[in-house]
Structures are given as structure tokens and as C-alpha cells.
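A short worksheet on the structure shown next.
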Amino acid sequence: MAQAVEEWYKQMPIITRSYLTAAIVTTIGCSLEIISPYHLYLNPTLVVRQYELWRLVTNFLYFRKMGNNAEGSLNNPYSVISRDGARDLDFLFHMFFLARYCKLLEENSFRGRTADFFYMLLFGATTLTGIVLVGGMIPLVSESFAKIFFLSNSLTFMMVYVWSKQNPLIHMSFLGLFTFTAAYLPWVLLGFSVLVGTSAWVDLLGMIAGHAYYFLEDVYPRMTGRRLLKTPAFIRSVFADDVVVVARPANIRFDPQINAPAREDIHEH
């Protein structure tokens, strides 16, 4: 069993493995009280006034909720157990989504494009942070945004959304209860989050960031022929991507002049 887990871990692509490792180490460190979540959460005031810039990164690494249940435990301890159980279930689901969909994106849609995948995560993290900062200044919704301390779940949900948009026809099953196509996966998970009592804002932010990336990366270039999202050269220089070689079918001969299959060499079987 341990060997199988080790092999599974080693086979992960570099970005997925690094992010998953950082998330697990951070979460375990907080659970063991080696570090405090209060030193990790997103606090614009501390970032701007006290230059605690690490919060812009660490708030994407912690996947638990922050709060004190002492008052609730005195009034109704069973409600605390129920709420904590739901949070633990939500935590396990998001960690599963991180390991699965981050890996699927990096190995398939971004195969051989590690720099582009890292840039997608950077775009998502920047977009989510910007939304929270701007939302905190709008009177009608500022209270809701003030309750968002960590954007790790939102970034994970963004990856789920992007994957669903790029693979909309794949058939899926939710806990064996019903089947649906991948295009509806974000909405199914959003409904599940509401059922277990977690904030829908976190998932909605991920959907917004994911749709922004999908539109700018896939839709807008098809509409205009121009790409607004281009991975900077300094990011490309960090990652040495392997060249992806696509095998050519044996029964197709390519014409060297037009680089297309010669019509007469394609046979029906």
C-alpha cells in the first residue's frame, strides 16, 4: 500500500506534486500547531501596512476553516460535531479535487506546457485576490468578502471549472447517485457545498476566475484571432518543458509539400 502511494506521488507532474505537497505540509503544520492559520490568512491591511506579503501566497495553501467553536460547544456540542464533520468532508473533497483535476489539466490540456499551466494558476490566484480586495470595498457585499480568509478552495474550484469547460462531454457520476456530463460538474459541486453547509461564495469565486481564464484563453482567440494571455518569457525560462511527440499512424503518408495526409494512402478497413 505504502509503495503504491509512493509510486502514485512520484508519477505526479511537477506543479501538481509541488502544490499538493505544500498544501498537505501547511495543513498538517497548522493541525499540529507548529504554525498558526492566523499567520497565513489573507489580510489586506497587514499586507499593505506591515508588508506581510507572504499572505498573498500562503492563503492558497491552507485548506481548513479558521474559527473558534468554544461558544458553540457550551450551548450545543452535537451541533459543533456535526459542523466539524461537514467541514472535514468538504476539506477531503477539495483535496481530492486538487490532486485529481490539477493532475488532469497538467498531464493533458497543458502537457508539455508546464510554464503555461503555472501561468494559469498565477492568473487565477491574482484574479481571486483582486476580486476579494475589490469586493471588500463595496458596501453591499463587503461583509461577505470580509469572511473569506483563504482562497485555496476557490483556486481548486477554478481548476475544476476549466477542466469541465475543456472536457464538456465526458460522462460522470456523483457518488453513484446520478450521472451527468462534465459541463455540469461545477454546478453539481456547488450544490454539494451548499448541502454540507459551507459557503457558496468560495466556489462561486472559483467559477468566476475559471470562466475569466476560459474566455480569455479559448473563446476570445477564436472570436478575434488574438491572444491576450501570453506566458511571460521569464516564466518560460524557469520551466524546461519536454517536447511532446505525436506518433503518426502507419497507414497515412504525409505529403512533404503540404504536410497533410496523401488522399490515396488512406484506406478504409
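In table form, for the structure just shown:
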| read-out | value |
| --- | --- |
| Computed accessible area, Met207, all protein chains, 1.4 angstrom probe, square angstrom | 10 |
| Inter-probe distance in nm under a simple model that places probes 7 Å from Cα toward Cβ, at Ser109 and Met223 | 1.8 |
| Estimated FRET transfer efficiency (Phe91, Leu56; beta-carbon r; R0 25 Å; 0.05) | 0.65 |
| Residue-wise HN-Hα coupling along the stretch 201-218, computed from phi with Karplus coefficients 6.51, -1.76, 1.60 (Hz; x: Gly, Pro) | 4, 4, 5, 5, 4, x, 5, 5, 5, x, 5, 4, 5, 4, 5, 6, 8, 10 |
| Distant-in-sequence amide H partners of Glu52 (H built 1.01 Å from N, under 5 Å) | Val47 |
| Difference of contour (0.36 nm per residue) and Cα-Cα distance, Leu140 to Phe178 | 10.0 nm |
| In order through the stretch 5-19: 3J(HN,Hα) via Karplus (6.51 cos²θ - 1.76 cosθ + 1.60), integer Hz, x for Gly, Pro | 5, 4, 5, 4, 5, 5, 7, 5, x, 4, 5, 4, 5, 5, 5 |
| R0 of 35 Å, Cβ-Cβ distance His171-Val194: FRET efficiency to nearest 0.05 | 0.90 |
| Cα shape, the stretch 91-231, gyration tensor, a/c 1.5 rule | oblate |
| Rounded to whole Hz, the Karplus (6.51, -1.76, 1.60) HN-Hα couplings of the stretch 186-200, x for glycine and proline | x, 6, 5, 5, 4, x, 5, 4, 5, 5, 8, x, 8, 5, 6 |
| Förster-model FRET efficiency, 41 Å R0, Leu216 and Gln3, C-beta, rounded to 0.05 | 0.45 |
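The values are calculated or read from the model by the stated rules, or taken from the named source; none is laboratory data. Remember, predicted model here, so these are calculated numbers, not experimental data. All Cβ positions, glycine included, derive from the backbone under ideal geometry; neighbour counts span all protein chains shown. Accessible surface areas use protein heavy atoms only, side chains included; no ligands, DNA or RNA. Shrake-Rupley method; radii C 1.70, N 1.55, O 1.52, S 1.80 Å.
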